[in-house]
Amino acid sequence: MPDYRRARHPGGTYFFTLTLLRRRDNDLLTRHIERLRDAVRTVRRAHPFDIHGWVVLPDHLHCVIQLPDGDADFTLRLRLIKSGFSKSLPRTEWLSAVRQRRGERAIWQRRFWEHLIKDEADYRAHMDYVHINPVKHGLVKRVADWPYSTFHRLVSQGIYPLDWAGSDGADALGYPD
């Protein structure tokens with residue numbers, strides 16, 4: 001069994017990717033965006049964290065968050081977000097015998113991708129990646145056209161211009177398709 005090692009840094013800023021179990025033709029996250037938002041709000045009230053960047057796509061999400069000083073327990077927060085969202089949905093998915101035995105839902109992939117932000121350049125690169133993702137996946141032509149993103153808040157704060165990444169988005173930043 002693999003030994004997954006997580007970078008634990010109290011008060012750290014992290015990039016995460018959480019992915020649905022069945023990605024093909026699955027729009028569960030955007031179809032139930034309010035349930036996902038409720039799950040995030042509930043977790044933030046009990047276990048605070050700052051959201052720097054967030055984007056929700058139909059089958060996965062990316063975020064850049066910062067934990068409070070002295071706190072490195074991002075795993076708890078992500079588990080609670082995933083379980084809160086899952087519990088809000090009706091039980092309609094097929095469950096394997098293993099998931100049935102464990103009492104698990106078949107909504108999310110079990111693990112998640114985590115990256116501890118190292119410096120300002122790393123932070124900017126991950127924030128850009130979060131916001132360009134809907135363009136990269138061909139969901140919209142312009143970053144500003146995707147509604148499920150912190151991009152709009154950051155534009156209002158003057159951090160990004162409304163036309164950031166232009167009309168051809170991912171190509172302008174050199175991201176592969």
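The values are calculated or read from the model by the stated rules, or taken from the named source; none is laboratory data. Quick caveat, the model's predicted, so the values are computed rather than measured. Backbone-built Cβ (ideal geometry, glycine too); neighbour counts: all protein chains shown. Calculation scope for accessible area: heavy atoms of the full protein, side chains included, ligands and nucleic acids excluded. Shrake-Rupley method; radii C 1.70, N 1.55, O 1.52, S 1.80 Å.
Observations on the structure shown:
- Summarised as an ellipsoid, the chain has semi-axes of 27, 21, 15 Å, derived from the eigenvalues of the Cα gyration tensor scaled by 5 and square-rooted, with the largest first.
- Relative contact order (%) - criterion: Cα under 8 Å, at least six apart; region: region 46-145: 26 percent
- Counting only protein heavy atoms and a 1.4 Å probe, the chain has 56 square angstrom of accessible area per residue.
- Think of region 70-120 as a dipole: +1 on every Lys or Arg Cβ, -1 on every Asp or Glu Cβ, centred on the Cα centre; then among Ser88, Phe74, Leu116, Ser88 lies furthest on the positive end.
- Model label sites at Arg110 and Ala7, defined 7 Å from Cα along the beta-carbon direction, differ in position by 2.5 nm.
- One chain, two ends: Arg142 and Ala97. Fully extended at 0.36 nm per residue, the span grows by 11.9 nm beyond their Cα-Cα distance.
- Value of relative contact order over the chain, rounded to a whole percent, pairs C-alpha under 8 Å and six or more apart: 27 percent
- Rounded percent of accessible protein surface that carbon and sulfur make up, region 1-111, 1.4 Å probe: 49 percent
- Efficiency of FRET from Cβ geometry, His47 and Leu89, R₀ 22 Å, rounded to 0.05: 0.50
- Span-like helix criteria (full DSSP H runs; alpha carbon extent of at least 15 Å along the helix axis; mean Kyte-Doolittle hydropathy of at least -0.5) are satisfied in the chain by 74-88.
- Between Asp38 and Leu154, the contour length at 0.36 nm per residue exceeds the Cα-Cα span by 39.7 nm.
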